[in-house]
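Right, one structure below, let's go through it.
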Amino acid sequence: NTEQESAAEARTRLQAERAAVLQELEQLTNRLETKGDYELGEGDPIDDHGIAFAQQHLAEIEEALQQLDMGIYGRCERCGRPIEPERLAVLSHTTVAASVLNAGVNPILSHPLRSHTTPGTVPGVCV
């Protein structure tokens, strides 16, 4: 079944990405612990930023793995349609279809609970 193969491929990609981010986090943390303090007990701001970025990326990957387990991985959170396979191949943790982003949709206004449109129109729908 190609859907099962796609899910298996996505899981493999996400797990590999997760392992790489965990390794990056470990290296950044070790680097921060071995560097001297710069000012009032603060470490290197570049390392601090890198750690925060890696932690956020890890959280996104974990969420994508949960979505995969729930059978909703690869669906656009704004319109519910499938996210383009090419986009998932590059950004395996993405939750928004490129067609929504390319349409210049405001993510806050396009949310179904927050939309302020005329009846019968849906902002942010994947095209």
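Is at least one residue of segment 22-32 charged (D, E, K, R), modelled with pLDDT under 90, touching a helix residue (DSSP H, G or I) at 6+ places or on another chain (Cβ under 7 Å) and open to solvent by 60 Å² or more (accessible area, probe 1.4 Å)? Within segment 22-32 (the criterion being charged (D, E, K, R), modelled with pLDDT under 90, touching a helix residue (DSSP H, G or I) at 6+ places or on another chain (Cβ under 7 Å) and open to solvent by 60 Å² or more (accessible area, probe 1.4 Å)), the answer is yes, since at least one residue qualifies.
Among all positions in segment 35-51, there is no residue which is open to solvent by less than 60 Å² (accessible area, probe 1.4 Å) and at pLDDT 95 or above. Filtered by the rule that a residue be modelled with pLDDT under 95, among the aliphatic types (A, V, I, L, M) and exposed (fewer than 15 other Cβ atoms within 10 Å of the Cβ), segment 52-89 gives A52, M70, I72, A89.
The values are calculated or read from the model by the stated rules, or taken from the named source; none is laboratory data. Everything numeric here is computed off the predicted structure, so don't read it as measured data. Reconstructed Cβ throughout: ideal geometry from the backbone, glycine too, with neighbour counts over all protein chains shown. In case anyone asks, the SASA skips ligands and DNA or RNA and just uses the protein heavy atoms, side chains included. Shrake-Rupley method; radii C 1.70, N 1.55, O 1.52, S 1.80 Å.
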